[in-house]
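Engineer: There's a structure below that I have some questions on.
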Amino acid sequence: MVVVTWASTYSLFSAAILASNKTKQGDSLCVSASPHYKAAHVGGVKFTSRKIMEDEKNWKLKLRYGKETTPYKHFTALGDGLAGDMLDGFECQEGPAIMAIKTWATDASESADMLRVIGAQIGFEATGEIQVYETEPEQPPKDNPYGYGINFTPYNK
C-alpha cells in the first residue's frame, strides 16, 4: 500500500483525482475519508494527514522536552522462569526460559508485577529473579500502564 500525506481536504481530493486518473477503465475506485483518523483510502492508496505522521515521529521529543507528560516511566523487565503451554501468538519450547517485556509503569515494582501477571496469562511462570531496567521506549505511553514487545528465550540448565 502506498502512503501519501495531505495538508488539507482540498489536496486530499486532488490526490484522489490523481489516483483515479491512474486507474484503468473498468477499475472500481473507492474513496473514503475518516475525520477522526485523518486518513482516506483511494483504491489501494492510503492517504494520511501530515500532522498525524509528524506526531507519531515526535512523541519522544515531546516527552523529553516536557510538551507532553506522563505519570509513567519506561522499563524493560527480564524474568527467569518456566515456559509451559503458551497462548496463541506466543512461542517458546517448554522448560526453563527468560521472559522479556517492555512496560510503561509507575515504578520498577509495578513493571515486575506486570511481568509475573502477563507472563502467567500467556503460559510463563516466573520462578526466579526478575531484573528491571529503565530503558528508552519504542512505543508512546497510554492512559494506563501497559506492556509490549514480549519475547521468550529458552535455555538448558
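The values are calculated or read from the model by the stated rules, or taken from the named source; none is laboratory data. Given the structure is predicted, the values throughout are model-derived calculations rather than measurements. Here the Cβ positions follow ideal geometry from the backbone for every residue, glycine too, while neighbour counts run over all protein chains shown.
Engineer: Would you check if Lys38 is modelled with pLDDT under 95 and either touching a strand residue (DSSP E or B) at 6+ places or on another chain (Cβ under 9 Å) or exposed (fewer than 14 other Cβ atoms within 10 Å of the Cβ) (or both)?
Structural biologist: Details: modelled with pLDDT under 95: yes; either touching a strand residue (DSSP E or B) at 6+ places or on another chain (Cβ under 9 Å) or exposed (fewer than 14 other Cβ atoms within 10 Å of the Cβ) (or both): yes.
Taking the combined requirement at face value, the residue satisfies it.
Engineer: While we're looking at this one, here's another question. Exactly one of (1) at negative phi; (2) exposed (fewer than 13 other Cβ atoms within 10 Å of the Cβ) is unmet by Pro154. Its number?
Structural biologist: Pro154 satisfies all of (1) at negative phi; (2) exposed (fewer than 13 other Cβ atoms within 10 Å of the Cβ) except (2).
Engineer: Sticking with this one: Go through the residues of region 115-133 one by one and say whether even a single one is under 24 Å from Arg64 (Cβ atoms), at pLDDT 95 or above, buried (at least 20 other Cβ atoms within 10 Å of the Cβ) and more than 17 Å from the chain's Cα centre (by Cα). Steps first, answer last, please.
Structural biologist: Start the filter on region 115-133 by keeping residues that are under 24 Å from Arg64 (Cβ atoms), which leaves 132-133.
When the remaining residues are screened for being at pLDDT 95 or above, the result is 132-133.
With the extra rule that they be buried (at least 20 other Cβ atoms within 10 Å of the Cβ), the set shrinks to 132.
Those still in the list that are more than 17 Å from the chain's Cα centre (by Cα) too: 132.
Within region 115-133, one or more residues are under 24 Å from Arg64 (Cβ atoms), at pLDDT 95 or above, buried (at least 20 other Cβ atoms within 10 Å of the Cβ) and more than 17 Å from the chain's Cα centre (by Cα).
Engineer: In addition: Within region 83-113, track down each residue that is touching a strand residue (DSSP E or B) at 6+ places or on another chain (Cβ under 9 Å), of a type in the set (A, V, I, L, M, F, W, C) and over 17 Å from Asn156 (Cα atoms). Reasoning before the result, please.
Structural biologist: Of all residues in region 83-113, those touching a strand residue (DSSP E or B) at 6+ places or on another chain (Cβ under 9 Å) come to 83-84, 86, 90-113.
This time we only want the ones that are of a type in the set (A, V, I, L, M, F, W, C), so: 83, 86, 90, 92, 97-101, 104-105, 108, 112.
Selection gives Met86, Phe90, Ala100, Ile101, Trp104, Ala105, Ala108, Ala112.
Engineer: Here's another thing I want to ask about it. Taking the condition of being under 10 Å from the mean Cα position of the chain (by Cα), free of Cβ contacts under 8 Å to residues at least 40 places away in the same chain and within 9 Å of Trp104 (Cβ to Cβ), how many residues in region 137-151 meet it?
Structural biologist: The total comes to 1.
Engineer: Scanning region 86-104 for residues that are of a type in the set (Gly, Ala, Ser) and touching a helix residue (DSSP H, G or I) at 6+ places or on another chain (Cβ under 9 Å), which turns out surrounded by the most Cβ atoms within 10 Å (Cβ to Cβ)?
Structural biologist: Ala100
Engineer: Hey, Gly79 hits all of (1) in a loop (DSSP other than H, G, I, E, B); (2) among the small types (Gly, Ala, Ser); (3) modelled with pLDDT of 95 or more but one; which does it fall short on?
Structural biologist: Exception for Gly79: condition (1).
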